[in-house]
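As structure tokens, the structure follows; a few thoughts come after it.
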Amino acid sequence: MDRFGHHAGAMPLVRFTANLLRHCPVGEVQVSGSQLAAALSEAFVKYPLARDYVLDEQGHLRKHMSAFVDGVQILDRRTLTDPVRPDSTIDLIQALSGG
Amino acid sequence: MLLHVATRKGLFVYALDAAQPVLTGRHFLGDNVTLSLADPRSGRWYAALDHGHFGAKLKGSSDHGATWSDLPAPAYPKRPEGAPDEIGADGRPVPWSLKRIWALETGGPDQPGRLWCGTIPGGLFRSDDHGATWSLVDSLWNHPDRLKWFGGGADYPGIHSICVDPRDSRVVRVAVSCGGVWTTRDDGATWHNTAHGMFAEFMPPELRGDVNIQDAHRMVQCAGQPDRFWVQHHNGVFRSDDGATTWQHCPNVPPSGIGFGFAVAVHPRQGDTAWLIPGIKDERRIPVDGKVVVTRTQDGGKSWQILRDGLPQHDAYDLTFRHACDIAADGATLAFGSTTGAWWLSRDGGDHWLEVTAHLPPIHAVRLVG
């Protein structure tokens, strides 16, 4: 993987915050799709319980979650249209909040 | 008898039978447990969690907390792609997304499996299968006056109190912060705002008596005299003698004279007897003079006694939230907890209090069980 997050694989890679493991099974998963929404949908096929932890009922990214594509925070938190390359890495992490 | 204590960092269960309560259960340590429910019909326990980052969740247990399983949290229906935002009374878009489970109650004994769930941002949900599935009560959510509601302490309005009438389970009243009191007499098919008589001095004069803006903090119903209700309101204390149809203000509630607070409890048989956990009003929200007290009326709010035996009387800044006070069916056992992580128990209607601990995480809710 280079410093932009691109990896050698031919499919986007989704990585979840390890903090989710307390609540539901998650792991790295290779997906297809050229937009974030499609990529995440595929990741949630493998880890269905994770969907409600990452997205709300409307499919929007939860307020205190952050999504990065190749190290850059996404712009469209509502409909998740940020582009994804075949060699992209998608990171889903917790935003910093609470106490 | 048990006490559930739902806190910012877990659900704690105490056995109350010995003179000194014993901590017997620690559940979801580290997680924000906002509410619990023990269903006396089925014996099942429920716990509402708010993970913050990961959203609000619901857990259930059929073995008194030995094991917990995931239940689906009530979910708002998916809005059509591109639908314009709903704009609430405060000009903010109202999200169709569960922010917090703020009320969880059982249906009547003739409705096995029925649960009611009130939420922020204002949706009421119903389950008829012990929480395995939930449906939004469309009749209330789609009522045009719902968009007149607005958030009080939270960003969005919420339903925090649900009273199922012991005479007829189809009659349900809910209280909303800020949105008044709503009543259905047909099991949720139709709803009417029944906050008549409440007022809000802090609002512009034109809206002072508007039923849709009333900030009920907590509403309770007397099981034995079901036409008697009490509401701890942002603007003081209100009593209803006609089944939550009209409301009378109770003035001069000590120690502040205003009657500011969040929690209220009513005696299960004597509707004239109620308890409050008062504080300095909204701009401070701490006990008057740093003294934690309970106020009790036994004459329907004409007069109030200040109860302080066993409660901290100097430099105590405990605040009791709306769900953090409960009374048992015996009418004598009361418990309340605070944001400072203390909780107190009385076995004699509040005359004497035992400080059980002052070291829990901030307490959201207490629930006496059994």
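The values are calculated or read from the model by the stated rules, or taken from the named source; none is laboratory data. This structure is a prediction, so every number in the text was calculated from the model and none was measured. No Cβ is skipped: glycine too gets one built from the backbone with ideal geometry, and neighbour counts run over all protein chains shown. Ligands, DNA and RNA are excluded from the accessible area calculation, which covers all protein heavy atoms including side chains. Shrake-Rupley method; radii C 1.70, N 1.55, O 1.52, S 1.80 Å.
Does B:Leu104 count as more than 10 Å from chain A (Cβ to nearest Cβ) and either polar (S, T, N, Q) or over 20 Å from the mean Cα position of the chain (by Cα) (or both)?
Values: more than 10 Å from chain A (Cβ to nearest Cβ): yes; either polar (S, T, N, Q) or over 20 Å from the mean Cα position of the chain (by Cα) (or both): no.
Criteria not met by B:Leu104.
Output the number of the condition that B:Gly43 fails; it satisfies all remaining conditions of (1) open to solvent by 20 Å² or more (accessible area, probe 1.4 Å); (2) at negative phi; (3) more than 14 Å from chain A (Cβ to nearest Cβ); (4) free of Cβ contacts under 8 Å to residues at least 60 places away in the same chain. Evaluating B:Gly43 over (1) open to solvent by 20 Å² or more (accessible area, probe 1.4 Å); (2) at negative phi; (3) more than 14 Å from chain A (Cβ to nearest Cβ); (4) free of Cβ contacts under 8 Å to residues at least 60 places away in the same chain leaves (2) as the failure. Applying the criterion of at least 1 residues that are open to solvent by less than 10 Å² (accessible area, probe 1.4 Å) and closer than 25 Å to B:Gly52 by Cα to the strands (runs of 3 or more DSSP E) found wholly in the stretch B:149-219 leaves B:158-164, B:172-177. If you go through the stretch B:287-308 and keep only what is surrounded by 14 or more Cβ atoms within 10 Å (Cβ to Cβ) and in a loop (DSSP other than H, G, I, E, B), you end up with B:Pro287, B:Lys291, B:Val292, B:Val293, B:Gln298, B:Gly300, B:Gly301, B:Trp304, B:Arg308. Going by the structure shown, is B:Thr339 in contact with a strand residue (DSSP E or B) (Cβ under 9 Å, 6 or more places away or on another chain) and either without any contact (Cβ under 8 Å) to a residue 12 or more places away in the chain or in a loop (DSSP other than H, G, I, E, B) (or both)? For B:Thr339, the condition - in contact with a strand residue (DSSP E or B) (Cβ under 9 Å, 6 or more places away or on another chain) and either without any contact (Cβ under 8 Å) to a residue 12 or more places away in the chain or in a loop (DSSP other than H, G, I, E, B) (or both) - is met. Does B:Asn252 qualify as being closer than 21 Å to B:Val288 by Cα and open to solvent by 30 Å² or more (accessible area, probe 1.4 Å)? So B:Asn252 passes the test.
The number of residues in the stretch B:50-75 being at the interface with chain A (Cβ under 10 Å from one of its Cβ atoms), under 16 Å from B:Leu124 (Cα atoms) and surrounded by 14 or more Cβ atoms within 10 Å (Cβ to Cβ) comes to 5. Exactly one residue out of A:Thr89, A:Thr17 is crowded, with 17+ Cβ neighbours inside 10 Å, within 14 Å of chain B (Cβ to nearest Cβ) and either β-branched (Val, Ile, Thr) or over 27 Å from B:Lys78 (Cα atoms) (or both), and it is A:Thr17. Annotation note: of B:Lys78, B:Lys99, the sole residue that is within 14 Å of chain A (Cβ to nearest Cβ), under 22 Å from the mean Cα position of the chain (by Cα), open to solvent by 50 Å² or more (accessible area, probe 1.4 Å) and closer than 27 Å to A:Leu61 by Cβ is B:Lys99.
Quick test for you: out of A:Asp56, A:Asp52, pick the one residue that is free of Cβ contacts under 8 Å to residues at least 12 places away in the same chain, within 14 Å of another protein chain (Cβ to nearest Cβ), open to solvent by less than 30 Å² (accessible area, probe 1.4 Å) and closer than 23 Å to B:Glu81 by Cβ.
Working: A:Asp52 fails: open to solvent by less than 30 Å² (accessible area, probe 1.4 Å).
Among A:Asp56, A:Asp52, only A:Asp56 is free of Cβ contacts under 8 Å to residues at least 12 places away in the same chain, within 14 Å of another protein chain (Cβ to nearest Cβ), open to solvent by less than 30 Å² (accessible area, probe 1.4 Å) and closer than 23 Å to B:Glu81 by Cβ.
For A:Gly99, all conditions in the list (1) at pLDDT 95 or above; (2) within 12 Å of chain B (Cβ to nearest Cβ); (3) open to solvent by 60 Å² or more (accessible area, probe 1.4 Å) hold save one; what is the number of the exception? So A:Gly99 meets the others, but not (1). The numbered conditions (1) assigned to a strand (DSSP E or B); (2) in contact with a Phe, Trp or Tyr (Cβ under 7 Å, 6 or more places away or on another chain); (3) farther than 20 Å from B:Asp129 by Cβ are all true for B:Ala6 except (2).
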